[in-house]
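One structure is given here, and the rest of the page talks about it.
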Amino acid sequence: MFNDQFKLSRRRFLSSFAVTTGAIATGAGSWVFPAGWANAAAGPIKVGIATDITGAMAYAGNADTNVARMVVKEINDKGGLLGRPIELYVEDTASNESVAVGNVRKLVQREKVDMVLGGVTSSMRNAIKDPIVARGKTLYIYPQLYEGKECTPYIFCTGPTPAQQCDEFIPWLIKNGGKRFALPSANYVWPHTLNAYARKLIESHGGEVIFEEYYPLDQVEFSSTVNKIISNKVDVVFNTIIPPGVGPFFKQLYEAGFLKSGGRLACVYYDENTLNINQPEEIEGLASCLDYFKVLAKDDPVSGRIQADYDKQFPGKFLLAAGSAATGTYRGLKLWEAAVKEAGKVDRESVAAALDHAKIAEAPGGPAEMVPGKRHCKMNMYTAVAKSGTYEIVARSQGLVDPKEC
Amino acid sequence: MDSVLIAAFEILSFGAIIVLVTLGLGIIASMMGIFNFAQGEFVLLGAYITYLGATSGLPVWTGMLAAPFIVGAFGFVLERLIIRRFYLAPIVAMLGTYAIGLIIRECIRGLIGGRYISVSEPIGGSLDFGDVHVSAWRFVIIVVTLLVMVASYLLLARTTFGLKIRATLENPALARASGISTSAIYGSTFAFGAALAGLAGALVVPVFTLFADLGIRFLIQGFVAVMVGGIGSFAGPVAGAGVIGVLSAALPWVMAPVIADVLVFVLAIVFIKFRPQGLLSGRRV
């Protein structure tokens, strides 16, 4: 008797468990943020955000969603766009391309959003661009720094490209580090393409690449690499290893005495989020080149206002940082807003035509403008160095830097 | 010469880390016949507890000391509530423990915001022997791994409790007839395996930083190590872990890392094909 009851309750438990997990898998993961008011005549403009709310890229996806909510709220509070409120549709791409495609289709086909912004990794962009742009016939804005070469019509990129991150940075590294470079890298498309660009610059500025080596994405043991760096007397480690490997790698380098003997670390995706991966002394002097650093908020009033707004609305773990596409998201939405205003309507053709040459005066790190015909974005670039757990700006671009794409 | 010494130390230390992570997995697999897919998340829990201890202002080592006990207690409760329902269905047990692992992993991912967080070690910096710099903390890990190995061996081979565990593994019905409470033995063995994972997590988190996928990173290597070493004894998985750990760290010194990564698994598969019972087989401790 006892046994029968036990079996029954376990079965019931299992079935209800299955229902719950099913609900979690399909139902959750979508959020709608309606505006506080409505325009009965035309209805709201629908903006879709497809980003990684869960999974490995969650730290970036949540920050990007926060930025989108902040920008949309700001637009709605000022009376909306073309007199219509903006409704934000957020869809979780879950750091998983196969899940993402289904969810993005929902956004494009069921919700019929007027524009989709999102994606953090290049593999995610490649997975979702077809459902959005080709089959979905919708505008797509990709906000993350990336390897370049995305020239598909109707895709607009608002993050930095290799040219923007390297053109001024590599000469600075040669001057403030040395001529002997090592390029340890994770084995996927971004490091391969970025390294090809960086190598050309290093060699044309009188430096040399001692070795360029690729590692499996989940490798966490780098003793042979560290040994090669130390024994070859490398001056600059231009790193494109990503988490989880980057923390152990920098630590092993530090313990082997690389920094003590005057070595320079460089990593172009390093921002405020990644500072926590190592103890401050392990990455002292690490140089990065991005479109925004939080220290800029101190001397640039526009950046200061945006940073303060963000911190007030979203205090907590998800930071407004350039390496997680948060600043690219801000630029993307504002450029799109400017384009819609100019076009006076929200259909894909008119907005794309206006977005092609859109400009904004205010964004984190300074103004930004699209390069006509290129669908990439000119922006200010800053070189910063890690000093006891924060960044210090050591160089800044003279005006907006050209993305040199397409 | 210097670089040979450094290479030997680094390879040994990574071997020790893999042994440490695999110990608990091996004990649960060998002594209970359960392939615990949540083992990696027990490692993660140990790491997370260490991080919590460090951020609450206590010295880092207090969190490290607490981690094995807390994770062990958690494992005990988990065995009571869930794992014991799986003993007769090993395949279901794999799925069930995988689900438990997934829940733990995603909860911790939420708690740390999906970030990668540095946890400092109680003994930091490097030990310098002339031009040779080796990490002090990795040295500590090697020593602790040796101590834990010896202690676990003595516990299983020389104590009454160890005898009861082995008796339960050998013949549960006879063990029960002889007055051994097999369910209590299963509970404490699982807790012991979980505690070892907790300790491993606490010790390796300063090396690898805290992130949600820390445990799953080592799970596959752990299972390969158990397969190569042989199930059914304590020594088997330990030997297997030593081999896998040393191979994974040594091969990148002589070939492209991307190839080395795959080659470890190829070698393991070939080895298992020709010696399916593993390195050390048979009924021993």
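The values are calculated or read from the model by the stated rules, or taken from the named source; none is laboratory data. Given the structure is predicted, the values throughout are model-derived calculations rather than measurements. For neighbour counting, all protein chains shown are included, and Cβ atoms are generated from backbone atoms with ideal geometry for every residue, glycine included. When the accessible area is computed, the model is the full protein with side chains, heavy atoms only, and any ligands, DNA or RNA have been set aside. Shrake-Rupley method; radii C 1.70, N 1.55, O 1.52, S 1.80 Å.
List of remarks:
- Most to least packed among A:377-384, B:23-30, B:186-193 [average Cβ atoms within 10 Å]: B:23-30, A:377-384, B:186-193
- Placed amide H near residue A:378: partners under 5 Å, 5+ positions off or other chain: A:369, A:370, A:371
- Partner shielding of A:273-279 amounts to 5, given as the average count of beta-carbon atoms from other chains within 10 Å of each residue beta-carbon.
- For region B:156-171, backbone phi angles converted through the Karplus equation (6.51, -1.76, 1.60; θ = phi - 60°) give residue-by-residue couplings of 7, 9, 10, 9, 4, 4, x, 4, 5, 4, 5, 4, 5, 5, 5, 7 Hz, Gly and Pro being listed as x.
- Rounded to whole Å, sorted largest first: equivalent-ellipsoid semi-axes of chain B, Cα gyration tensor: 30, 23, 18
- The HN-Hα couplings worked out from phi for region B:36-41 by the Karplus form 6.51 cos²θ - 1.76 cosθ + 1.60 (θ = phi - 60°) are 8, 6, 8, 4, x, 6 Hz, whole numbers, x standing for Gly and Pro.
- Shape category assigned to region A:271-360 from the gyration tensor of Cα positions, a/c cut at 1.5: prolate
- Using a probe radius of 1.4 angstrom, the carbon and sulfur fraction of the accessible surface of the protein assembly as shown is 63%.
- Charge dipole (debye, nearest 20) of region A:240-347; +1 at Cβ of Lys and Arg, -1 at Cβ of Asp and Glu: 120
- Chain-alone versus full-assembly comparison, region B:104-142, residues with accessible loss of at least 40 Å² (1.4 Å probe): B:109, B:113, B:115, B:116, B:118, B:133, B:138
- Among A:141, A:86, A:49, residue whose mean-square fluctuation peaks in a GNM of chain A (springs only between Cα atoms under 10 Å): A:86
- Cα-based shape type of region B:199-261, given that a ≥ b ≥ c are square roots of the gyration tensor eigenvalues and the cut on a/c is 1.5: oblate
- Our note on the geometry: Cα centres of region A:274-313 and region B:237-285, 44 Å apart.
- Estimated 222 nm signal from helices in the protein assembly as shown, with DSSP H stretches of n ≥ 4 weighted -39500 (n - 2.57), rounded to 500: -17500 deg cm²/dmol
- Between the helical axis of B:90-111 and the longest alpha-carbon principal axis of chain B there is an angle of about 40 degrees.
- Residue A:213 long-range amide H proximity, modeled H, under 5 Å: A:183, A:185
- Three-way shape label, region B:32-187, alpha-carbon gyration tensor, a/c 1.5: oblate
- Reported to the nearest whole Å, the Cα centre-to-centre distance from region B:78-154 to region B:13-61 is 2.
- Reduction of at least 40 Å² in accessible surface, 1.4 Å probe, comparing all protein chains with the chain by itself, residues of region B:245-285: B:253, B:257, B:258
- Each residue of chain A gets 168 Å³ once the volume of the Cα convex hull is shared out per residue.
- Selection from B:274, B:256, B:169 lying farthest towards where the dipole of region B:155-285 points positive, charges on Cβ: B:169
- Per-peptide average of other Cβ atoms within 10 Å, ordering B:172-180, A:356-364, B:9-17, B:33-41 highest first: B:33-41, B:9-17, A:356-364, B:172-180
- Distance violations [Cα-Cα > 18 Å] among A:298/A:359; A:200/A:387; A:334/A:359; A:374/A:404; A:46/A:341; A:137/A:359: A:298/A:359; A:200/A:387; A:137/A:359
- Averaged over peptide A:210-217, the number of partner chain Cβ atoms lying within 10 Å of each residue's Cβ comes to 3.
- Once the gyration tensor of the Cα atoms in the protein assembly as shown is diagonalised, the equivalent ellipsoid follows with semi-axes of 47, 33, 20 Å, ordered largest first.
- Under the Karplus curve 6.51 cos²θ - 1.76 cosθ + 1.60, θ = phi - 60°, whole-Hz ³J(HN,Hα) for region B:18-32, x wherever Gly or Pro sits: 5, 4, 4, 5, 7, 3, x, 4, x, 5, 5, 5, 6, 8, 10
- Distance between the C-alpha centres of region A:30-67 and region A:126-143: 16 Å, rounded to the whole angstrom.
- Cα-centre dipole for region B:1-137 with unit charges at Cβ (Lys and Arg positive, Asp and Glu negative), debye to 20: 800
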